[in-house]
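The values are calculated or read from the model by the stated rules, or taken from the named source; none is laboratory data. These numbers were taken from a predicted model, which means no experiment stands behind them. Every residue, glycine as well, gets a Cβ built from its backbone with ideal geometry; the counts of neighbours run over all protein chains shown. All accessible areas refer to the heavy atoms of the entire protein, side chains included, with ligands and DNA or RNA removed. Shrake-Rupley method; radii C 1.70, N 1.55, O 1.52, S 1.80 Å.
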Amino acid sequence: MSSSTFFLLVSTFIFLYLLTTKLIRRMSGSDVRLPPGPYPLPIIGNIFELGKNPHVSLTSLSKTYGGLMTLKLGSTVTVVVSSTEFAKEILLKHDLSFSSRWVPDAGRAGNHHLISMFWLPVGDQWRRLRKLSKEHLFSVQQLDAGQLLRREKIHELVDYVHECFTNRKPINIGRVAFTTTFNVLSNFIFSTDMARYDSLESQEFKDAVSSLVDVLGKPNLADFFPLLKPFDPQGLLREANVYIEKSMAILDGMVEQRVQATAKSSSHVASSTNDVLDLLLDLSRKNESDFSRKDVLHLLFDLFSAATDTTTSTLEWAMAELVHNPEKMVKARSELEEVTRKDDMIIKESDISKLPYLGAVIKETFRLHPPVPFLLPRKALCDVEIGGFVVPKDAQILCNVWAIGRDLTVWSNPHEFMPERFLDVDIEYIGRDFELIPFGSGRRICPGLPLAHRMLHLMLASLIHKFDWELEGEMRPEDMDMSERFGIALHKNVPLMANPIEI
C-alpha cells in the first residue's frame, strides 16, 4: 500500500469517526429524542448487530428496545418499526412524511432508481406510473378480462404436474410457480409464453432477478458509509449491474420484435394483439417526453421482477408448510372437494371467496414468510414525532413485517403454522390491517396485490386439489429444512423438491 493511499484511508476514518461522534452526541441530546436502541460503537455504529439474518436479529433487539428502535449503521441513522402500533403511525397517519424511498447503493444499478415506480420519490412521474398501473394493468376490469388466460396457464401447470407424476419426475416447486406466473404476465404483456417448464434456459430471467434481489439484500459498506459509494468496495453495484443488464436485454429483445413487426405491418399491430405492450408503445409514441421507450423497459422490469419473484417465493413457502404439516394439506384439499365439481381440475376465480381455509393458508404463509421481510426501505422527508420520539429527516425507515408476524402480543403460538387462526378473525392483507401487511400500506402499497391474490389462490389450489406430495429420498415431512435465505425477498434456503402423487 502506498503512503498516499494509507494517508487517504486514515483521513477517511478520522472524518467518519468525527461524524460518528457528532451523531452520538446528537442521539443523546435532549433536543432530538430519537427512539431507543443499542449504543453505537465508534465509526461502525451498530453494523455488527445485523448478523447473518437481519430480520431475525432486529426482531430480537426490538424485544429490548421496543417497536420503534434506532440503529446507527455506519453514518446512516436507521429507524426500525417492529409493531402494529408504530407501523400504523408510519404507514398511515404520517404516510406522506415517509413516502420517499431510501435507495440502497446496489439499487442504482442501470440507473433503474431514476425511472422505477418502486424507487422514485412521490412526484409527477411516480403518479403517472401508479395511475397507469392502477387503470390499465391491475384494475378489476382488466383482471376480470384476463381470467381465461390465467385458467389456460393453470391448466398447463396441472398438465405438467401430471406428466411428472407419470414419469416419476420430482418437481422444483419454485421453478414451476415462476414459469406459470411468468407466462401469465408475458402473455398479458407480450401475447406469448417466455418460459417453458422443461427448459433451464427459459429460467434465465428468474435467475437474474433472484440474484439481483439477493444482492440488494446484502449488507453494503457503501450504504453505511456514503463516502465509499464511488469505490463500490464490495463490488455489489457492479454485480447488480450485470443482473439488471441481463434482464433488460431479455425484455428489450421482446420490445424490439414488436417495434419491428409494427414497422413492417401495413396496419397497426394492436389490431391483432391489443396487449399491454401495444398500449405502452402507443403511449410512448404519443408523448415520448413523458413516457419514452426507456421508461417502457423499466416499467416492464418492475412488473416482471416484482410479480414473479414475490409470488414464486410465497407459493413455494405455502407448499412447503403444507407438506411440512400434512394435516393442514388434508383440510385444504377437503375444502376444495366440497366447493368444486368432481371432474374440475382447477378452481374458478369466482370460487376463491368460497374457500376460507385456502385463504387462511395463504394469509398464514404471508404472516410467517412475508415475501419482503422489511418492505422496501423508506426515507423520512422531515423530522416527525412518533410516540414521543423524533424520527429525524433523511433517516432510513425499515418496517420489519417479519417481526410483526411473530409478535407475541398479537399472535398466539406465533412460530407455528396455524391457518385456523384466520378463520374467526376479519384480517386481510390489503393494507388496512397492520397485523398483516406483506404488500405494505398507504400510497406505497404494492400495485400488483390484486393479481398476486388471484394467482396464489389459483396455483396453490391446482397443486393440492388432485395431487398429494412426497419428499425426495423418502424424507419425512418433519425433517424438512425450513430455513430462510435473507435478501430483499425472503426465499426458502433449500428449494422444495417433491414428487406428485395423483389422487
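Once the convex hull of the C-alpha atoms of the chain is built, how many Å³ does it hold per residue, rounded to a whole number?
Numbers: hull volume 86.1 nm³, N = 503.
Convex hull volume per residue, Cα atoms: 171 Å³.
Taking all protein chains in place and a 1.4 Å probe, what share, in percent, of the accessible surface of the chain do carbon and sulfur account for? Provide the component values of the computation, followed by the final result.
Values: 12260 of 22370 Å².
Its accessible area is 55 percent carbon and sulfur atoms.
In the range 253-372, with Lys and Arg counted as +1 and Asp and Glu as -1 at Cβ, which of these residues, Asn287, Ser305, Val276, has the Cα nearest the positive end of the dipole, that is, farthest along it?
Toward the positive end, the furthest listed residue is Asn287.
Run the numbers on the chain and let me know its relative contact order in percent, using alpha-carbon pairs under 8 Å that are six or more apart. Before the final figure, lay out the partial values.
Details: 729 pairs, mean separation 113.5, N = 503.
Here the relative contact order equals 23 percent.
List, in order, the whole-Hz ³J(HN,Hα) value for each residue of the range 363-377 obtained from phi through the Karplus relation with A = 6.51, B = -1.76, C = 1.60 and θ = phi - 60°; use x for Gly and Pro.
Couplings: 4, 5, 5, 4, 5, 7, 9, x, x, 10, x, 10, 6, 7, x Hz.
Decide, for the range 285-342, between rounded, prolate and oblate: order the square roots of the alpha carbon gyration tensor eigenvalues as a ≥ b ≥ c, take rounded if a/c falls under 1.5, and otherwise choose prolate if a/b is larger than b/c, else oblate.
Working: a/c = 8.16, a/b = 2.75, b/c = 2.96.
In terms of gyration-tensor shape, oblate.
By a straight-distance test (C-alpha under 21 Å), which lysines pair with Lys131 as possible cross-link partners, with residues fewer than eight away in the same chain excluded?
Result set, ordered by chain and number: Lys286, Lys294.
Taking the Cα centre of the chain as origin, work out the dipole magnitude from +1 charges on Lys and Arg Cβ and -1 charges on Asp and Glu Cβ, in debye rounded to 20. Before the final figure, lay out each step's value.
Values: 56 positive and 64 negative charges, 353 e Å.
The calculation lands at about 1700 debye.
Quick one: compute the contact order of the range 233-327, relative version, from alpha carbon pairs under 8 angstrom and 6+ residues apart, as a percent. Write out the running numbers ahead of the final one.
Values: 24 pairs, mean separation 23.2, N = 95.
It comes to 24 percent, rounded to a whole number.
Stick to the Cα atoms of the range 220-270, pair each with every other, and give me the Kirkwood hydrodynamic radius in Å at one decimal. Walk me through the numbers before you get to the answer.
On the way: mean 1/r = 0.0726 Å⁻¹.
The Cα-based Kirkwood calculation yields 13.8 Å.
So what's the back-of-envelope 222 nm ellipticity for the chain, counting only DSSP H runs of four-plus at -39500 (n - 2.57) apiece and dividing by all residues, rounded to 500? Mind dumping the intermediate values first?
Numbers: 16 runs with 234 residues, N = 503.
Computed mean residue ellipticity for the chain: -15000 deg cm²/dmol.
Over all directions, the average projected area of the alpha-carbon convex hull for the range 164-248 comes to how many nm²? Display every interim value, and only then the final one.
On the way: hull surface 29.4 nm².
The number I arrive at for the range 164-248 is 7.4 nm².
By the gyration tensor of its Cα atoms, with a ≥ b ≥ c the square roots of the eigenvalues, what is the shape of the range 164-311: rounded for a/c under 1.5, prolate for a/b over b/c, or oblate?
Working: a/c = 2.74, a/b = 1.17, b/c = 2.34.
Taking the square roots of the gyration eigenvalues as a ≥ b ≥ c, the range 164-311 is oblate.
Quote the accessible area belonging to Glu245 in square angstrom, nearest 10, computed with a 1.4 Å probe and with ligands, DNA and RNA left uncounted.
Counting only protein heavy atoms, Glu245 exposes about 120 Å² to solvent.
How charged is the neighbourhood of Arg406? Take every other residue with its Cβ under 14 Å from the Cβ of Arg406, and add Lys/Arg as +1 and Asp/Glu as -1. Please report the intermediate quantities before stating the final value.
Numbers: positive: Lys63, Arg367, Arg421; negative: Glu364, Asp407, Glu416, Glu435, Glu484.
Surrounding charge for Arg406 is -2.
Per residue, what accessible area does the chain have, given a 1.4 Å probe and all protein chains present, in Å²?
Roughly 44 Å² per residue, with all protein chains present.
How many angstrom separate the Cα center of the range 463-485 from the Cα center of the range 76-144?
36
Any idea what log10 I(q)/I(0) is at q = 0.25 Å⁻¹ for the range 441-503, Debye with uniform C-alpha scatterers and no solvent?
-1.12
Between their Cα atoms, which of Lys153/Lys492; Lys153/Lys348; Lys218/Lys492; Lys348/Lys466 are more than 19 Å away from each other?
Numbers: Lys153/Lys492 24 Å; Lys153/Lys348 13 Å; Lys218/Lys492 16 Å; Lys348/Lys466 15 Å.
Pairs exceeding 19 Å: Lys153/Lys492.
Among residues other than Ser305 whose Cβ falls under 14 Å from its Cβ, what is the net charge (Lys/Arg +1, Asp/Glu -1)? Could you put the intermediate results ahead of the total?
Working: positive: Lys206, Lys246; negative: Glu204, Asp207, Asp214, Glu245, Asp302, Asp309.
Spelling it out: positives minus negatives among the neighbours equals -4.
Going by the alpha-carbon gyration tensor, a ≥ b ≥ c the square roots of its eigenvalues, is the range 381-464 rounded (a/c under 1.5) or, if a/c is not under 1.5, prolate (a/b greater than b/c) versus oblate? Could you put the intermediate results ahead of the total?
Numbers: a/c = 2.82, a/b = 1.58, b/c = 1.79.
Judged from the Cα gyration tensor, the range 381-464 comes out oblate (a/c at least 1.5, b/c at or above a/b).
Using the Karplus curve 6.51 cos²θ - 1.76 cosθ + 1.60 with θ = phi - 60°, work out ³J(HN,Hα) for each residue of the range 303-312 in order, rounded to whole Hz, and write x for Gly and Pro.
Residue by residue, the range 303-312 yields 5, 5, 5, 5, 6, 6, 5, 6, 5, 4 Hz.
Suppose every Lys and Arg Cβ carries +1 and every Asp and Glu Cβ carries -1, with no other charges. What dipole size does the range 141-256 come out with about its Cα centre, to the nearest 20 debye? Don't skip to the end; give the middle numbers.
Numbers: 12 positive and 17 negative charges, 68 e Å.
The calculated dipole for the range 141-256 is roughly 320 debye.
Work out the length of the dipole vector of the range 447-490 about its Cα centre, built from +1 on the beta-carbon of each Lys and Arg and -1 on the beta-carbon of each Asp and Glu, and round it to the nearest 20 debye. Intermediate values should be presented prior to the final figure.
On the way: 4 positive and 8 negative charges, 96 e Å.
Charge dipole of the range 447-490: 460 debye, to the nearest 20.
Got a number for the accessible area of Ile437? Probe 1.4 Å, square angstrom, nearest 10.
Taking all protein chains as shown, Ile437 has close to 10 Å².
Using +1 at the C-beta of Lys and Arg and -1 at the C-beta of Asp and Glu, which of Gln396, Leu149, Pro356 has the Cα lying farthest in the positive direction of the dipole of the chain?
After comparing all options, I get Gln396.
Identify, among His324, Val79, Ile173, the residue whose Cα sits farthest towards the positive end of the charge dipole of the chain, taking +1 on the Cβ of Lys and Arg and -1 on the Cβ of Asp and Glu, with the dipole about the Cα centre.
Working it through, the farthest residue towards the positive pole turns out to be Val79.
How do 486-499, 39-52, 67-80 rank on mean C-beta neighbours within 10 Å, highest first?
On the way: 486-499: 19.4, 39-52: 16.3, 67-80: 23.1.
The most tightly packed comes first, giving 67-80, 486-499, 39-52.
Amide H of Leu73: which non-local residues (sequence gap of 5 or more, or other chain) have their own amide H closer than 5 Å, using H built in the peptide plane?
Asn46, Thr78
Convert each backbone phi in the range 175-181 into a coupling constant with the Karplus relation 6.51 cos²θ - 1.76 cosθ + 1.60 (shift: θ = phi - 60°), then list the ³J(HN,Hα) values in order as whole Hz, x for Gly and Pro.
5, 5, 5, 4, 4, 5, 5
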